[in-house]
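The values are calculated or read from the model by the stated rules, or taken from the named source; none is laboratory data. Predicted model only: the values in this text are computed from it and were never measured. Here the Cβ is made from the backbone with ideal geometry for all residues, glycine too, and neighbour counts use every protein chain on show. Calculation scope for accessible area: heavy atoms of the full protein, side chains included, ligands and nucleic acids excluded. Shrake-Rupley method; radii C 1.70, N 1.55, O 1.52, S 1.80 Å.
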Amino acid sequence: MENILIIDDNQTIREGIAAVVAKMGYKAHVAEDGHTGLKLFKSRRMDFIVTDLKMEGKDGMQVCKEILELDEDAVVMVITAYGTIETAVEVMKLGAFDFITKPFTPDVLEAKVEQALQLSKIKREHTRLKEENQLLRDEIHPPIQLENMVASSKPMRELVNTIHKVAVTDSTVLITGESGTGKELVARALHEASRRRKGPFIRVNCAALSETLLESEMFGHEKGAFTGAVRRKLGRFELADAGTILLDEIGEISPNLQLKLLRVLQEKEFERVGGEETQSVDVRVVACTNRDLGSLVKEGGFREDLYYRLHIVPLHIPPLRERSEEIADLTKHFIRKLKDRTHKDILDISDRALEVLNAYHWPGNVRELENIIEQSMVFADSKILDAKDLPSNLTVRSLDSELVRQEADGSLRIQATRAGLTQILEQVEKTIILDAFQRANRVKTTTARLLDVKTSALYYKLEKYGID
């Protein structure tokens, strides 16, 4: 229901306007002076404001000026007497929508109200679209079609089948997997396959901002809510209305934000930072994380009730080392994809180069593979990508890994016995450190704790094996 604020120190006029507004089916909020009216305006979103011009204390001109400073989209109409029309024109220069002279009939008032509410709707939709377009310009991504995803391994084919089943619902989805496995790509594919595909897809990186800024980014803020809040800002939940919101790295949010997010998931409602009005949204929530949220719950770092709200439909993306049969297909896909960016007419990749890629551990997963293919294409001299075109450190590490290979179940297998014992033991140690380093999301103190070694000893090993 639309909210209309009526500010007038004349009780008869104030109550008369409120009666007309209520008869039209709108919610009337009344104030007997400018100070009270401004307080009401700050407490909730008003679709239309009617204020008398001549009042004790803050007059209509001051009220109009302060309201428009708080919300440039506000629609304000001034009530004026016959002898103050010139002053009313001055108020309109400040940005008021219109003025109405006393006395006026209910029919005239009703017409003004309808015009004002139509303008209010247009202005707010324009602001929403402007902010949404700016956000989408910052993150330009072509639509992701499930049929175009590289999914030649059994676990990835099963994942694609699951996405097809999940996409037709509005259930919350939790996507897990190591860094670089393609969690955002899966989230976008899920959106494109859903009934919300014509709506916005809005992403929030929960690990990139401080708690205060992240709350503002997610839920928006009112003008003056904090230092630097010079205007009302719509949050990404509002911008994602009728679409999908991706909460990337959800495991990084603070306990305070976890509680507020739980309310959004349960009730689809929230308040902007510094605001009191409750906002309602229709969004599908997709969350991503490379952390073990179940373990975080046991450690007290993540709310159990929020975890179960997010864990309604879990999707896990296996690391690249567990689906190495896709490396060839992914490599050829990236060669085609990167032709325009590198301005290189690379046609294929040699068998020897594929051997090197297949032997590598891929701690950075698919993202690392794409980066390496792009780097190799930049320096390639022929139309066939060869082992000599691959980064030298990758070639060395890949050849080393022929000694020790980590299986899908986490066990280690000696691939060759021609090397000396010292070399084999060093490679085993390096493989174990690499695995712990990846599981710890490349946080060195956490890696040391997982390995039960001193941090100083870990730093020495990382430097020794060239792990960074």
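Points worth noting:
- For F270, residues with placed amide H under 5 Å, excluding near neighbours: Q279
- Amide hydrogen neighbours beyond the local backbone of I6, cut-off 5 Å, H modeled: H29, V30, A31, V50
- Restricting attention to region 218-345, close to 50% of DSSP beta bridges with both partner residues there are antiparallel.
- Relative to the longest principal axis of the Cα atoms of the chain, the long axis of helix 34-43 makes an angle of roughly 30 degrees.
- Proximal aspartates and glutamates relative to K298, as straight alpha-carbon distance under 19 Å, when same-chain residues fewer than 8 apart are discounted: E249, E252
- For region 199-297, the Stokes-Einstein estimate of translational diffusion at 20 °C and a viscosity of 1.002 mPa s comes to 156 µm²/s, using the Kirkwood hydrodynamic radius over alpha-carbon pairs.
- Percentage relative contact order, the chain, counting C-alpha pairs under 8 Å, at least six apart: 11 percent
- Tensor-based shape of region 162-222 (alpha-carbon gyration tensor, a/c under 1.5 rounded, otherwise prolate or oblate): oblate
- Within straight-line cross-link reach of K461, lysines at Cα separation under 26 Å, skipping those fewer than 8 residues along the same chain: K430, K444
- Test item: Cα-centred dipole of the chain, Lys/Arg +1 and Asp/Glu -1 on Cβ, debye: 920 debye
- Directionally averaged projected area (convex hull, Cα atoms, the chain), nm²: 28.4 nm²
- Compared with the direct C-alpha span, the chain from K337 to E211 gains 41.7 nm at full extension, assuming 0.36 nm per residue.
- Rounded, prolate or oblate (a/c below 1.5 giving rounded, otherwise prolate when a/b exceeds b/c) for region 1-123 by Cα gyration tensor: rounded
- Accessible area per residue in Å² at 1.4 Å probe, computed on the chain: 50 Å²
- Helix-only mean residue ellipticity at 222 nm for the chain, each DSSP H run of n ≥ 4 adding -39500 (n - 2.57), per residue, nearest 500: -14500 deg cm²/dmol
- Using a cut-off of 29 Å between Cα atoms, the listed pairs K233/K337; K39/K260; K154/K388 include K233/K337; K154/K388 as exceeding that distance.
- ³J(HN,Hα), Karplus 6.51/-1.76/1.60, whole Hz, each residue of region 294-303, x for Gly, Pro: x, 5, 4, 4, 5, 7, x, x, 8, 5
- Considering only the chain, percent of DSSP beta bridges that pair antiparallel, nearest 5: 20 percent
- 30 Å Cα-Cα threshold exceeded, pairs from K198/K383; K198/K344; K23/K54: K198/K383; K198/K344
- C-alpha long axis of helix 85-94 to longest principal axis of the chain, angle in °: 0 degrees
- A crude spin-label estimate for the pair D9 and K198, with each label 7 Å from Cα along the Cβ direction, gives 5.3 nm.
- Whole-Å distance, taken between Cα centres, linking region 246-262 and region 271-328: 8 Å
- A dipole drawn for the chain from +1 and -1 charges on Cβ atoms has a positive end, and of Q62, V204, H29 the residue lying farthest that way is V204.
- Each residue of region 154-167 is assigned a 3J(HN,Hα), and the resulting list reads 4, x, 6, 5, 5, 5, 4, 4, 5, 4, 4, 6, 6, 4 Hz, derived from the Karplus form 6.51 cos²θ - 1.76 cosθ + 1.60 (θ = phi - 60°), x at Gly and Pro.
- Of all accessible heavy-atom area on the chain, the percent that carbon and sulfur account for (1.4 Å): 50 percent
- In this simple spin-label model, placing a label point 7 Å from the Cα along the Cα-to-Cβ direction at both R231 and H126 gives a separation of 1.2 nm.
- The angle between the Cα long axis of helix 365-379 and the longest principal axis of the Cα atoms of the chain comes to about 80 degrees, rounded to the nearest 10.
- Pairwise label distance in nanometres, E158 with D329, each label 7 Å out on the Cα-Cβ vector: 1.6 nm
- Annotation for region 196-294: chymotrypsin sites (Phe, Trp or Tyr not before Pro) lying in DSSP loop with at most 15 further Cβ atoms inside 10 Å of their Cβ are F226.
- Between H35 and K383, the contour length at 0.36 nm per residue exceeds the Cα-Cα span by 117.8 nm.
- For region 246-268, backbone nitrogen atoms closer than 11 Å to the point 7 Å from L296 Cα along Cα-to-C-beta are found at 248-255, 258.
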